[in-house]
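I have a structure here, written as structure tokens, and I will follow up with some questions on it.
Values in this text are rule-based calculations from the coordinates and carry no lab data. Please read these numbers as outputs of a predicted model, since none were measured by experiment. All Cβ positions, even for glycine, are placed from backbone atoms using ideal geometry, and neighbour counts span all protein chains on display.
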Amino acid sequence: MTGLLRTSIEERFSDVWLEGELSNLRAPGSGHVYCTLKDKTSQIRAVLFRSTAVRLRFALQEGLQVIVRGRLTVYEPRGEYQIVLDTVEPKGIGALQLAFEQLKERLATEGLFDQDRKKSIPAFPRTVGVVTSLTGAAIRDILAVLRRRWPTLHILIVPVQVQGESAGRQIAEALTALNHLGFVDVIIVGRGGGSLEDLWSFNEEIVVRAIAASHVPVVSAVGHEIDVTLADFVADLRAPTPSAAAEAVVPVLAETVERLRELKVRLGQVMLRHCAFERRRLDAGIRGVTDVRFRLQEAAQRTDDMVDRLREMVQQLLAAGRERVHGVQRDLSGLNPILAIKQGLATVPQLSKRLEGQMGMMLAQHRHRIHATLAQQYPESLGDSWTWLQYSSNGPGWSNSPSSERRGGWTGVGGSIGKRAIELHCHAGV
Amino acid sequence: MAAVKFEQAMARLEAIVGELEKSDLPLDESLKIFEEGIRLSKNCLKILEEAEHKVEVLVQDKNGKKRIHAYSPDDAADEPSS
């Protein structure tokens, strides 16, 4: 009975299209996938054999709206009818698109697209690795731009298929190989434009993981600006096109050389300015020192002047003082008793001369009067008596003491007084 | 890696010029980094002059051995098949 039904059903429903929602998904170790397709009113068991399941690009999920194609059959051990699926397509979007979204979400959850994972692209790479096909336009564009910008660049190409079954694996291996070389500074991985199918390799998990694992920074350049692949999400830098990737990885050599020259010039200029500035400062310092020296000299000169003037003033004062002392001395010396005595003494000889003269005259007068008187009273003789007058000079002053010198006595005058001699001795004491 | 050395040297050179242009360094320090700057600029130019243009291709032969050879536009045949 079941066998008859099976034959009948398989003949009648050998190729059917159904639309519904996936539920009761089961994927045991055999690799076959079992599920139930249901819509609002009904449901049907479905099976996806392993050979078909591995060809699916997206993962089957509970609740996914799908359009399926298959054939009906009866599983005799349980007496259940089911649909064996040949094709499963997500409803509304393409399978690839769904696969893309699913993988993207999974890898994002792992953190593979996080910004803080991204390595910075070296500013001046020496060796650039390029992972792409040698036959496409991409390699020509990349080489042209790299060569134009940095003519002495070392470029290392790893030729790979960029679409088809083995493309993903080749790309991943190429990335690993370039990493192992150890001297590659940055890697460009990409291809020219194409359909979503053509670019699919760059959405493969193996490629995404290889890019994430690369120690060398990776720049992705897949298709055109509007094409976005998972390789772009995971790459350290996403370039819209292969040419743009080449521009992004190397600066222009001529500009770099120019910048270097400019830096060198600025270096020299700024140092020169600095030296000149310091030189001016030094000069100012020297001027300052010179000024100080000049001022010191000036001050020394002024000091000398002042000392001179001071000395002059002191000398003038001294001279004035001396003059005053002299004056006083002169005044004093006028009063000097010794001088007065000396002057007095100097007049003594004169005075004594005058005195002698005077006395002589007086004596002569007296003698004359005496003679006259005698002549009147004693006209004959004068007698033996005579007067002896003498002057002694033994000491200052006059003395009437008898002199040692004696003249023989008068002998008779012979009748005339004039015959008698009177001697006067006068000795000056000075 | 030379690339890193060059980049660091350029960055250091820029920093030195910037620092000198601020001109608040004492003369002896200025002279010291000036000399360093001159040395760096010479080294950088040397690195640039020494670099040699080459385009090479890394391929893997049948028994899995990798080798590098010069690139020529006819190398398309080197692309591995699936």
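Please state, to two decimals, what the Cα-based radius of gyration of the range A:111-251 comes to when divided by 2.2 N^0.38 Å (N = residues). Walk me through the numbers on the way to the answer.
Details: Rg = 13.2 Å, N = 141, 2.2 N^0.38 = 14.4 Å.
Rounded to two decimals, the normalised Rg is 0.92.
Just flag the chymotrypsin sites (Phe, Trp or Tyr not before Pro) in the range A:66-110 sitting in loop per DSSP whose Cβ has no more than 13 other Cβ atoms within 10 Å. Intermediate results must be reported in sequence, preceding the final value.
Numbers: sites: A:75, A:81, A:100; in loops: none.
Loop-located and lightly packed - none at all.
Continuing with the same structure: Find the relative contact order for chain B and round it to a whole percent, using C-alpha pairs within less than 8 Å whose residues are 6+ positions apart. Before the final figure, lay out each step's value.
Details: 42 pairs, mean separation 18.5, N = 82.
Rounded, it is 23 percent for chain B.
Okay, next question. How many times 2.2 N^0.38 Å is the alpha carbon radius of gyration of the range A:140-199?
Details: Rg = 13.1 Å, N = 60, 2.2 N^0.38 = 10.4 Å.
Here the Cα radius of gyration is 1.26 times the empirical estimate.
Counting GluC sites (Glu not before Pro) as exposed when in a DSSP loop with at most 16 other beta carbons within 10 Å, what is the longest stretch of chain A free of them?
Values: sites that count: A:62, A:165, A:197, A:225, A:380, A:405, A:423.
So the longest stretch without any such site is A:226-379.
If you average 1/r over all unlike Cα pairs in the protein assembly as shown and invert the result, what Kirkwood radius do you get in angstrom? Show your work: numbers first, answer last.
On the way: mean 1/r = 0.0274 Å⁻¹.
Its Kirkwood hydrodynamic radius stands at 36.5 Å.
What does the convex hull of the Cα atoms come to per residue for the range A:194-321, in Å³?
Working: hull volume 22.3 nm³, N = 128.
In the range A:194-321, the Cα convex hull volume per residue is 174 Å³.
In this model, which of A:104/B:66; A:118/A:264; A:119/B:5; A:118/B:46; A:264/B:5 are farther than 22 Å apart at the alpha-carbon? Intermediate results must be reported in sequence, preceding the final value.
Values: A:104/B:66 33 Å; A:118/A:264 33 Å; A:119/B:5 17 Å; A:118/B:46 31 Å; A:264/B:5 18 Å.
Cα-Cα > 22 Å for A:104/B:66; A:118/A:264; A:118/B:46; rest within.
Along the charge dipole of the protein assembly as shown, which of A:373, A:112, A:290 sits closest to the positive end, that is, farthest toward it, with unit charges on the beta carbon of Lys, Arg, Asp and Glu (+1, +1, -1, -1)?
Checking the options against the dipole of the protein assembly as shown, the answer is A:373.
Rounded, prolate or oblate, given the Cα gyration tensor of chain B, with a/c below 1.5 counting as rounded? List each step's numbers first, then the result.
Working: a/c = 4.79, a/b = 4.15, b/c = 1.15.
Because a/c hits 1.5 or more and a/b exceeds b/c, chain B counts as prolate.
Ignoring solvent entirely, what values of log10 I(q)/I(0) come out of the Debye formula for the range A:300-372 at 0.14, 0.16 Å⁻¹ when each Cα is a single scatterer?
-0.72, -0.78
Suppose the Debye formula is applied to equal point scatterers at every Cα of the range A:266-344; what is log10 I(q)/I(0) at q = 0.20, 0.22 Å⁻¹?
Computed log10 I(q)/I(0) values: -0.93, -0.98.
Could you go through the range A:209-225 in sequence order and give the Karplus-derived ³J(HN,Hα) for each residue, using 6.51 cos²θ - 1.76 cosθ + 1.60 with θ = phi - 60°, rounded to whole Hz, and x for Gly and Pro?
5, 5, 5, 4, 7, 5, 7, 7, x, 10, 10, 9, 8, 10, x, 9, 3
Which values, in whole Å and largest first, are the semi-axes of the equivalent ellipsoid of the range A:61-168 obtained as the square root of 5 times each eigenvalue of the Cα gyration tensor? Don't jump to the answer; show the numbers that get you there.
Details: eigenvalues 450, 74, 27 Å².
Those come to 47, 19, 12 Å.
Could you give the Stokes-Einstein D for the range A:2-92 in µm² per second, using the C-alpha Kirkwood radius, 25 °C, 0.890 mPa s? Display every interim value, and only then the final one.
Values: Rh = 13.4 Å.
D, rounded to a whole number, is 183 µm²/s.
Another one. For the range B:2-50, taking Cα atoms only, what is the radius of gyration to one decimal and the Dmax to the nearest whole Å?
11.6, 36
Let me ask you something else. What is the gain in length, in nm to one decimal, between residue A:13 and residue A:330 on full extension, counting 0.36 nm per residue of separation less the C-alpha to C-alpha distance? Walk me through the intermediate numbers first.
Working: separation 317, 0.36 × 317 = 114.12 nm, distance 17.30 nm.
Between residue A:13 and residue A:330, full extension yields 96.8 nm more.
What number comes out for the charge environment of residue A:198, summing +1 per Lys or Arg and -1 per Asp or Glu over other residues with Cβ under 10 Å away?
Working: positive: A:191; negative: A:197, A:227.
So the surrounding residues net to -1.
What are the radius of gyration and Dmax of the range A:194-247, computed over its Cα atoms and given in Å?
10.4, 30
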